[in-house]
There are 2 protein chains.
Amino acid sequence: METKIAIQGIKGSFHHQVAQEYFGKDITLIECMTFDNLVDGLLKKDAFQGVMAIENSIAGSIIPNYALIDKNELHIIGEHYLQIHHNLMALPGQTISDILEVHSHPMALLQCKEFFRKYPHIKLVEDADTAETAKRISEKQLMGIAAIASKTAAELYQLSVLASEIQTINNNSTRFVIVKTQNSVLSKDEINKASLKFELDHKRGSLATVLNVMSDCRLNLTKIQSLPKIETPWKYAFFVDVTFDKYEDYEKAAKLLTIMADHFKILGEYRNARVL
Amino acid sequence: METKIAIQGIKGSFHHQVAQEYFGKDITLIECMTFDNLVDGLLKKDAFQGVMAIENSIAGSIIPNYALIDKNELHIIGEHYLQIHHNLMALPGQTISDILEVHSHPMALLQCKEFFRKYPHIKLVEDADTAETAKRISEKQLMGIAAIASKTAAELYQLSVLASEIQTINNNSTRFVIVKTQNSVLSKDEINKASLKFELDHKRGSLATVLNVMSDCRLNLTKIQSLPKIETPWKYAFFVDVTFDKYEDYEKAAKLLTIMADHFKILGEYRNARVL
């Protein structure tokens, strides 16, 4: 049961790759076309764990996914970083001059924008998933249309790679989180990272005060993101990730922040996947 | 010459509305299909000022636009907030049960997601611009396809509104910035807000130290966003917006930050458009 993993996208997608790297090859994949569907699947217990992209080096945080985790009371129980390699692929026999349209996920199109500046005749069309487009081109034998996806997708759906590594920035790392409806069962020794959310008034120095507490408690800040609170002018929500050596230090900071900030919430406690 | 305003999108788009509210009706609109095109237009001097969406209450910052401003050395010379009202529109005579596909900008689709849960037969298709889809439906007399756009777009392109105010969250405010290749000519008395960028090491407390300086100099933080520096692990770039009463306070903070942080850069100094 525990190996049923919900991903956004289909076999051959980057989420699939993360699921395999994190959980191993012996998993049952629940393919979801949107992140909303993925969350619905977890709530309905079609799957017990889900893989969700949460930020990348180019576009920053995927705020709607933070909102999904927050609103549906999901727990982040782990994280995984994946270097994204984009490849242009089409039906065998097609060359790049045959291609009139490239369909892919908006993020993939954004990450390969520079490459397509050389090919102004190619129209970029947004699609739901990288691998799904590859599959569709193959199934419907679509001529003149190319996909941007992983090498695995090209192999799975028998497409030829017209150009490989077409991402603009080579160090294109995307961070994924593993989410569950129940909390993680890690021991305090294993936990060295946490994702937190809290609210503060727009008062001079209020964030500085909170960060001072974190720093005093020996927490390292690896991410911070403010978001104005809808319906409440001048009130801000902050999403913060921290790493730490000792769980006790973090525990102390969490107790202080519960008092100092409004609606302090732990989105997840897990093991830092980034190697120093 | 100064009234040539570059916008992302076409007549009837939300960018068009912002351009009119900020500069008045007497402007020459330069329609650009992408933000990249908009920047190209400014650099080639097709237009002297541009309007660019920069963040909204639902999806947060539009990081690629920050990157465009930063990379191309544009200056933010003003800001404008717009309440976004989304309307579903199609050819006159069509009803909602006739609609098979809705085409719009990914952000508009995201903001109206809840509405379409009631209509599972409608496929959501991402498109480049809200108004452009409305125009296309009208020009090509497309049946079965609806657009999500402003009331102005419906009037301009003779479409019927099938449902109005279909955004999930009613207080859906989007922040736009006005950008130029040259710096602003505002006097110090008029300036009470600035957008800053700086880099810091991943060292415990480094951000807290910077925020303490800002707080000591009586700056209010209205936005903060960290972004891992690509190619440099453990180094972070921060995009920060601050408001202040006295330019002298801000000037002092800027001098200190130049020394304390790496690559301190002023993206723009302008007048706060948000009413308290």
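Looking at segment B:87-164 alone, DSSP beta bridges between its own residues are antiparallel in about 50 percent of cases.
Counting Lys and Arg as +1 and Asp and Glu as -1 over every other residue whose Cβ lies under 12 Å from the Cβ of B:His75, the net charge comes to -1.
The dipole here belongs to chain B: it is taken about the Cα centre, uses +1 on the Cβ of Lys and Arg and -1 on the Cβ of Asp and Glu, and is about 360 debye.
Given +1 on the Cβ of Lys and Arg, -1 on the Cβ of Asp and Glu, and no further charges, what dipole in debye does segment B:193-270 carry about its Cα centre, rounded to the nearest 20?
Details: 12 positive and 11 negative charges, 34 e Å.
The calculation lands at about 160 debye.
Cross-link check: pairs B:Lys123/B:Lys151; A:Lys45/A:Lys255; A:Lys71/B:Lys229; A:Lys113/B:Lys71; A:Lys135/B:Lys123 evaluated at a Cα-Cα cut-off of 25 Å; pairs beyond the cut-off: A:Lys45/A:Lys255; A:Lys71/B:Lys229.
Taking other residues whose beta carbon is less than 15 angstrom from the beta carbon of B:Glu21, and scoring Lys, Arg as +1 and Asp, Glu as -1, yields +4. Straight-line cross-link partners of B:Lys265 among the aspartates and glutamates, defined as a Cα under 19 Å from its Cα and at least 8 positions apart when in the same chain: B:Asp70, B:Glu73, B:Glu79, B:Glu199, B:Asp201, B:Asp241, B:Glu248, B:Asp249, B:Glu251. Residue and whole-Å distance for the chain A Cβ lying nearest the axis of the A-onto-B rotation are A:Glu126, 2. Each of B:Leu256, B:Ser226, B:Ala194 was scored by the projection of its Cα onto the charge dipole of segment B:193-270, and the greatest displacement toward the positive side belongs to B:Ser226; charges sit on the C-beta of Lys, Arg, Asp and Glu. For chain B, modelled as a GNM with alpha-carbon contacts under 10 angstrom, which of B:Leu42, B:Leu68, B:Leu91 fluctuates the most? Residue with maximal mean-square fluctuation among B:Leu42, B:Leu68, B:Leu91: B:Leu68. Within the listed set A:Val125, A:Val161, A:Val51, the residue fluctuating most in the Gaussian network model of chain A (springs between alpha-carbon atoms under 10 angstrom) is A:Val125. For B:Glu248, the distances from its label point to the matching points in the remaining copies are 5.0 nm, ordered from shortest, with each point set 7 Å beyond Cα toward Cβ.
Taking K and R as +1 and D and E as -1, what net charge do the other residues with C-beta under 15 Å from the C-beta of B:Asp216 add up to? Mind dumping the intermediate values first?
Numbers: positive: A:Lys203, A:Arg204, B:Arg218, B:Lys246, B:Lys252, B:Lys255; negative: B:Asp245, B:Glu248, B:Asp249, B:Glu251.
Around B:Asp216, the charge tally is +2.
Here's the picture: charge each Lys and Arg Cβ at +1 and each Asp and Glu Cβ at -1 in segment A:87-164, and of A:Ala154, A:Phe115, A:Gly144 the one pushed furthest to the positive end of that dipole is A:Phe115.
Which loop GluC sites (Glu not before Pro) in segment A:53-133, with loop taken from DSSP, have no more than 14 other Cβ atoms within 10 angstrom of their Cβ? Mind dumping the intermediate values first?
Details: sites: A:Glu55, A:Glu73, A:Glu79, A:Glu101, A:Glu114, A:Glu126, A:Glu132; in loops: A:Glu73.
When the GluC sites (Glu not before Pro) of segment A:53-133 are filtered for loop state and at most 14 Cβ neighbours within 10 Å, A:Glu73 remain.
In deg cm²/dmol, rounded to 500, what helix-only [θ] at 222 nm does the protein assembly as shown give when every DSSP H run of at least 4 residues adds -39500 (n - 2.57) and the total is split over its residues? Please list the in-between numbers first.
Numbers: 18 runs with 160 residues, N = 552.
Helix-only estimate at 222 nm: -8000 deg cm²/dmol.
Going from the fewest other Cβ atoms within 10 Å to the most, the residues B:Met143, A:Met89 appear in the order B:Met143, A:Met89.
Spin-label pair B:Tyr81-A:Lys203: with each label point 7 Å from Cα along the Cα-Cβ axis, the two points sit 2.1 nm from one another. Overall, the anisotropy analysis places chain B in the prolate class: the square-rooted eigenvalues a ≥ b ≥ c of its C-alpha gyration tensor yield a/c not less than 1.5, with a/b exceeding b/c.
In the protein assembly as shown, taking the dipole from charged Cβ atoms about the Cα centre, the farthest positive-side position among A:Gly12, B:Leu211, A:Ile266 is held by B:Leu211. Each other copy holds its own label point for A:Gln182; taking that point as 7 Å from Cα along Cα to Cβ, the gaps run 6.6 nm, nearest first.
Quick check: from the Cα gyration tensor, does the protein assembly as shown come out rounded (a/c under 1.5), prolate or oblate? Numbers along the way, then the final one.
Working: a/c = 1.56, a/b = 1.08, b/c = 1.45.
It comes out oblate by the Cα gyration axes.
Note on chain A: antiparallel DSSP beta bridges, both residues inside, total approximately 75 percent of the bridges counted.
Roughly how many debye, to the nearest 20, is the charge dipole of segment B:102-207 about its Cα centre, given +1 on each Lys and Arg Cβ, -1 on each Asp and Glu Cβ, and no other charges?
Details: 15 positive and 12 negative charges, 56 e Å.
Using only the charged Cβ atoms, the result is roughly 280 debye.
Helix A:130-139 and the longest principal axis of the Cα set of chain A meet at an angle near 20°. Each other copy holds its own label point for A:Glu139; taking that point as 7 Å from Cα along Cα to Cβ, the gaps run 3.2 nm, nearest first. Between 0 and 90 degrees, the angle of helix A:14-23 with respect to the longest Cα principal axis of chain A falls at about 60 degrees. Using Cα atoms only, what is the angle between the long axis of helix A:206-216 and the major principal axis of chain A, expressed in degrees (0 to 90) to the nearest 10? With both axes taken from Cα atoms, the answer is about 80 degrees.
Among DSSP beta bridges lying fully in segment B:1-154, give the percent that are antiparallel, nearest 5. Given both bridge residues lie in segment B:1-154, the antiparallel proportion sits at roughly 30 percent.
Where a number appears in this text, it was derived from the coordinates with a stated rule and is not lab data. Because the structure is a prediction, the values reported are computed rather than measured. Every residue, glycine among them, receives a Cβ derived from its backbone with ideal geometry; neighbour counts consider all protein chains shown.
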